[in-house]
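Following: one structure in structure tokens, then a few remarks.
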């Protein structure tokens, strides 16, 4: 077991708010972020320009992002004085900038400037999302271009844990890359709704569909029902979206962590268990032990046919633990079946709704 650290618009024109994204001539349904932008437009977070366009591929400035976050949080955007010498009270976004700064969502610079016309970069966007949504958990698997001491490193780790980002296939996050309106919309939509979190996955992901319910039958005859929900905070601890499994009426919480190197199950304010390494191929071994302990897992089969009460899978990946325990995983379903060393079925998928 590995350690999991517990901790996880834009208005250039104020003249027109489009009621639906379909009214925007530059936002076809084929656009990568059509659904996310539509969702935020319907919530009144994104507005269009005077010409009816939304310009989904235009870069987002710090002022525009402040307006977007201000509207999302229901802040008062009335123009006012700000603590920043480059944001006078007459500036169109002064009210929102003053409020998001007061709320701690945005920070200024040491010379009392806000740089309202500067574009947002991906690293700063991670910080904003982490602050706005009070993300609690980190997935400490660093990207190759995110130094551990970078000011945005922990925030990036948190949005990775929260299924808001996945990074790029070359294991980079590209924190200095400028953010477009569409990309900003995707980050916010994924933070808000489980449906959009399904988009923060790698190609051929093993994560379950967060909008569905999965039921497993256990070896003792009980059933385990898994749902992805927004878990209320309790005992002074922050939780948020995660899977809840109810086994014979007793719930426990966990998360699915995935990047381009591996898949793992994480536990709030505790640890995570490595379940699969990528690329998936027979003979791949990985250690899930903690400290001096070694627990070897080996991928012993791919495209296996595995029968479950739910259906027969023909694309299952078989993983064998050094003690003989076997489990099977399938793309889009995570674990579908597990069998102990004596051949007894310990759990198997029986229903997906």
Q: Of the conditions (1) under 28 Å from residue 32 (Cβ atoms); (2) out of contact with any strand residue (DSSP E or B) (no Cβ under 8 Å at 6 or more places or on another chain), residue 197 clears all except one; give me its number.
A: (2)
Q | Among (1) in contact with a helix residue (DSSP H, G or I) (Cβ under 9 Å, 6 or more places away or on another chain); (2) more than 24 Å from residue 124 (Cβ to Cβ); (3) at pLDDT 95 or above - the single one residue 34 does not satisfy | A | (3)
(Q) The conditions are (1) closer than 15 Å to residue 151 by Cα; (2) surrounded by fewer than 19 Cβ atoms within 10 Å (Cβ to Cβ), and residue 105 fails exactly one of them. Which is it? (A) (2)
Q) Within segment 155-188, can you find the residues that are over 15 Å from the mean Cα position of the chain (by Cα) and part of a loop (DSSP other than H, G, I, E, B)? A) 169, 170, 171, 172, 174, 175, 176, 177, 179
Q | Condition check for residue 278: out of contact with any helix residue (DSSP H, G or I) (no Cβ under 9 Å at 6 or more places or on another chain) and either under 14 Å from residue 206 (Cβ atoms) or buried (at least 18 other Cβ atoms within 10 Å of the Cβ) (or both) | A | yes
Q: Scan segment 239-261 residue by residue and report those that are in a strand (DSSP E or B) and either farther than 27 Å from residue 298 by Cα or more than 19 Å from the chain's Cα centre (by Cα) (or both).
A: 240, 241, 242, 244, 245, 246, 247, 250, 251, 252
Q: May I ask you to list the residues in segment 121-141 that are within 12 Å of the chain's Cα centre (by Cα) and buried (at least 24 other Cβ atoms within 10 Å of the Cβ)?
A: 126, 129, 130, 135, 137
Q. Considering 191, 203, which residue is surrounded by 22 or more Cβ atoms within 10 Å (Cβ to Cβ) and not in a strand (DSSP E or B)?
A. 191
Q | Residue list for segment 214-238, restricted to those being crowded, with 18+ Cβ neighbours inside 10 Å and either touching a helix residue (DSSP H, G or I) at 6+ places or on another chain (Cβ under 8 Å) or not in a strand (DSSP E or B) (or both) | A | 228, 238
Q) Got at least one residue in segment 96-105 being at pLDDT 90 or above, farther than 30 Å from residue 253 by Cβ and assigned to a loop (DSSP other than H, G, I, E, B)? A) no
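Listed here are the residues, each with its yes/no results for (1) touching a strand residue (DSSP E or B) at 6+ places or on another chain (Cβ under 6 Å); (2) part of a loop (DSSP other than H, G, I, E, B); (3) at pLDDT below 95.
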| residue | (1), (2), (3) |
| --- | --- |
| 115 | no, yes, no |
| 125 | no, no, no |
| 130 | no, no, no |
| 139 | yes, yes, yes |
| 142 | no, yes, yes |
| 148 | no, yes, yes |
Q) Do you know which residues across segment 153-168 are closer than 15 Å to residue 264 by Cα and either outside the structural domain of residue 126 (by TED's automatic domain parsing) or surrounded by fewer than 24 Cβ atoms within 10 Å (Cβ to Cβ) (or both)? A) 166
Q: May I ask you to say which residue of 98, 89, 81 is surrounded by 19 or more Cβ atoms within 10 Å (Cβ to Cβ), farther than 26 Å from residue 145 by Cβ and not assigned by TED's automatic domain parsing to the domain that holds residue 148?
A: 98
Q: Could you look through segment 46-64, keep only residues that are over 23 Å from residue 74 (Cβ atoms) and touching a strand residue (DSSP E or B) at 6+ places or on another chain (Cβ under 8 Å), and pick out the one that is surrounded by the most Cβ atoms within 10 Å (Cβ to Cβ)?
A: 56
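The values are calculated or read from the model by the stated rules, or taken from the named source; none is laboratory data. Since the model is a prediction, treat every value here as computed from it, not as a measurement. Heads up, the Cβs are rebuilt from the backbone with ideal geometry, glycines too, and the neighbour counts pull from every protein chain shown.
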